[in-house]
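To start, the structure under review is shown below, and the notes come after it.
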Amino acid sequence: MINVTQSFLPPIQEFEAILKRAWDKKWITNRGELLLELEAELATYLGVSNFFITTNGTLPLQIALKTLGITKEVITTPFSYVATTSAIIWENCTPVFVDIERDMLTIDPAKLEAAITENTQAILATHVFGNPCDVEAIQEIAEKHNLKVIYDAAHCFAVTYKGKSIFEYGDVISTSFHATKLFHTGEGGAIFVPNDALYKKCYYHHNFGHNGPLDYHGLGVNAKASEMQAAMGLSVLPYIDTIIAKRKLLTETYETLLKDNPHLSLFEFREFAEKNYSYMPVIFKDEAHMHIVLEKLAAVQIFPRRYFYPSLNKLPYLDKSVSMPISEDICSKILCLPLYFELEKQQVVEICSIINSL
Ligand SMILES: *Cc1c(COP(=O)(O)O)cnc(C)c1O
């Protein structure tokens, strides 16, 4: 069976050797030695500071909204994982959708201003499949209207834009280290906050608001990661360049073999962005053909994923239904093809030959 993804697992002895340090110390959570070490290694690898590791990639979105004092309307993308919208609703804010750029799949800055009202306080956009949003245009609009900018960068490990980590663009940036992501800690994530004062507030918020054992800086929640998560991260990180190189090879194989297929198109990356090969999306010209491909691949135990589906403006628990024609159209016709470290080039060749035969 070939699934859309498979978690990279390091040799278990390497994981155990790191885990043993937590055992020896009898310290398994609350920003232990392993977590601090992983943060230091990530700071070096990514070339960023002002971040901390969290227990997943969703709580940072909620912490961002809470810490920035957002209570009203948040402009957001309909083309993302459900967590982007649900974080807004969970924090009792109102999502206001703005459609995406058809070629880039990220929120369309040209449509942003029309959605701004006197209640708009923030923009929460997703760098989809590691493809950066038009961060410059978004920043300009945000400054003009005094809005905060939060990015869901869950897909963006190691992505750079104009030579700088994508985690450095925006007021608060969240990423995910979930088992299905490029770099992972089983469950996990991180929050990046370039501004020092805001960083401190977010930091307090992720640890119950503690300011020392007996004092409270303010209201908080628990978004801490454990030493087990950190041990997984420390044992995966040494392999990350090898993982990315393999995924690059597989992606280029897909691209070469599928580029002339008249039934589909591949998505475009923004200029000046360095790719991380986190997903292999293909967009079919029509939905019926996508279903045929899905069926034929399933018949030989190959399972791509309809990602993302549905368009988030169609979530059943939203108050009002709005139409987002581009996002809805893409959602109805997109498949993410299998892409993971242990997938073999020959398997990609086989997947492509099935797709090309239909
Ligand atoms: C995975 C993902 C999340 C959620 O991250 P978790 O670590 O699973 O909480 C949020 N947004 C996007 C776009 C994702 O792909």
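What list do you get for Ser86, Ser321 if you sort them by fewest beta carbons within 10 Å? Please report the intermediate quantities before stating the final value.
Details: Ser86 17, Ser321 9.
Placing the least packed residue first, the sequence is Ser321, Ser86.
Please say if region 100-218 is rounded, prolate or oblate, where rounded means a/c under 1.5 for a ≥ b ≥ c the square roots of the C-alpha gyration tensor eigenvalues, and otherwise the choice is prolate for a/b larger than b/c and oblate otherwise? Oblate shape, in that a/c is at least 1.5 and b/c is the bigger or equal ratio.
Most exposed first by the Cβ proxy, i.e. fewest other Cβ within 10 Å, how do Phe15, Phe308 rank?
On the way: Phe15 17, Phe308 24.
So the ranking, lowest neighbour count to highest, is Phe15, Phe308.
For Lys20 and Val82, what is the calculated FRET efficiency with R₀ set at 30 Å and r taken between the beta-carbons, to the nearest 0.05? Please list the in-between numbers first.
Values: r = 37 Å, r/R0 = 1.25.
Calculated transfer efficiency: 0.20.
Let me make sure I get this right: for region 220-358, a, b and c are the square roots of the gyration tensor eigenvalues over alpha carbons, sorted descending. Under 1.5 in a/c it's rounded, otherwise prolate if a/b > b/c, else oblate. Which is it? It comes out oblate by the Cα gyration axes.
Efficiency by 1/(1 + (r/R0)^6): what FRET value for Lys164 and Thr71, r their Cβ-Cβ distance, R0 = 35 Å, to the nearest 0.05? Provide the component values of the computation, followed by the final result.
Details: r = 31 Å, r/R0 = 0.89.
For Lys164 and Thr71, the calculated efficiency is 0.65.
Here the Karplus relation 6.51 cos²θ - 1.76 cosθ + 1.60, evaluated at θ = phi - 60°, turns the backbone of region 10-26 into coupling constants of x, x, 4, 4, 5, 5, 5, 4, 6, 4, 4, 5, 5, 4, 4, 8, 6 Hz, with x for every Gly and Pro. Relative contact order, whole percent, for region 239-356 stands at 36, derived from Cα pairs under 8 Å and 6 or more residues apart.
Is there a quick way to get the dipole size of region 239-356? I mean about its Cα centre, with the Cβ of Lys and Arg at +1 and of Asp and Glu at -1; what is the value in debye to the nearest 20?
On the way: 14 positive and 16 negative charges, 33 e Å.
The calculation lands at about 160 debye.
A straight chain from Glu287 to Ser49 at 0.36 nm per residue would run longer than the Cα-Cα distance by 81.3 nm.
Give, in nm to one decimal, the length gained when the segment between Thr180 and Ser353 is fully stretched (0.36 nm per residue of separation minus the Cα-Cα distance).
Details: separation 173, 0.36 × 173 = 62.28 nm, distance 2.57 nm.
Going from the current span to full extension adds 59.7 nm.
Counting other C-beta atoms within 10 Å, which of Ser278, Ser226 has the fewest, and how do the rest follow? With the sparsest Cβ surroundings first, the list reads Ser226, Ser278.
Between Tyr216 and Glu33, take the C-beta separation as r, use R0 = 25 Å, and let me know the FRET efficiency to the nearest 0.05. The calculated FRET efficiency here is 0.45.
For the listed residue pairs Lys20/Lys275; Lys66/Lys320; Lys148/Lys314; Lys201/Lys275; Lys111/Lys201; Lys72/Lys201, the alpha carbons are over 27 angstrom apart in Lys20/Lys275; Lys201/Lys275; Lys111/Lys201.
Each distinct pair of alpha carbons in the chain adds a 1/r term; the inverse of their mean, the Kirkwood radius, is 21.1 Å. The mean sequence separation of alpha-carbon pairs under 8 Å and at least six residues apart, normalised by the residue count of the chain, gives a relative contact order of 23 percent. Rounded to the nearest 20 debye, the dipole magnitude of the chain is 560 debye, with +1 charges on Lys and Arg beta carbons, -1 on Asp and Glu beta carbons, and the Cα centre as origin.
The spacing between region 262-329 and region 191-251, judged by their C-alpha centroids, is 29 Å. Put simply, when 265-275, 212-222 are sorted by average Cβ atoms within 10 angstrom per residue, most first, you get 265-275, 212-222. Per-residue Karplus couplings for region 232-245, computed as 6.51 cos²θ - 1.76 cosθ + 1.60 with θ equal to phi - 60°, are listed in order as 4, x, 5, 8, 8, 3, x, 9, 4, 5, 5, 5, 5, 4 Hz, Gly and Pro entered as x. Shape class for region 160-223, computed from the alpha carbon gyration tensor (a ≥ b ≥ c): oblate, with a/c not under 1.5 and a/b at or below b/c. Just checking the listed ones, Lys181, Lys111, Lys333: in the Gaussian network model of the chain with Cα springs under 10 Å, the one fluctuating most is Lys111.
Rounded to the nearest 500, the 222 nm mean residue ellipticity of the chain from helices alone is -11500 deg cm²/dmol, with -39,500 (n - 2.57) taken per DSSP H run of at least 4 residues.
Please work out how much length the chain gains when fully extended from Glu342 to Glu143, using 0.36 nm per residue of separation minus the C-alpha to C-alpha distance, in nm with one decimal. Mind showing how you got there, number by number?
Working: separation 199, 0.36 × 199 = 71.64 nm, distance 4.45 nm.
Additional length available on full extension: 67.2 nm.
Contact order normalised by length for region 1-149, with contacts defined as Cα pairs under 8 Å and 6 or more residues apart; what percent is it? Relative contact order, region 1-149: 17 percent.
Coordinate-derived values only; no laboratory data. As the structure is a computational prediction, the values presented were derived from the model and not from experiment. Virtual Cβ from ideal backbone geometry, glycine too; neighbours counted across all protein chains shown.
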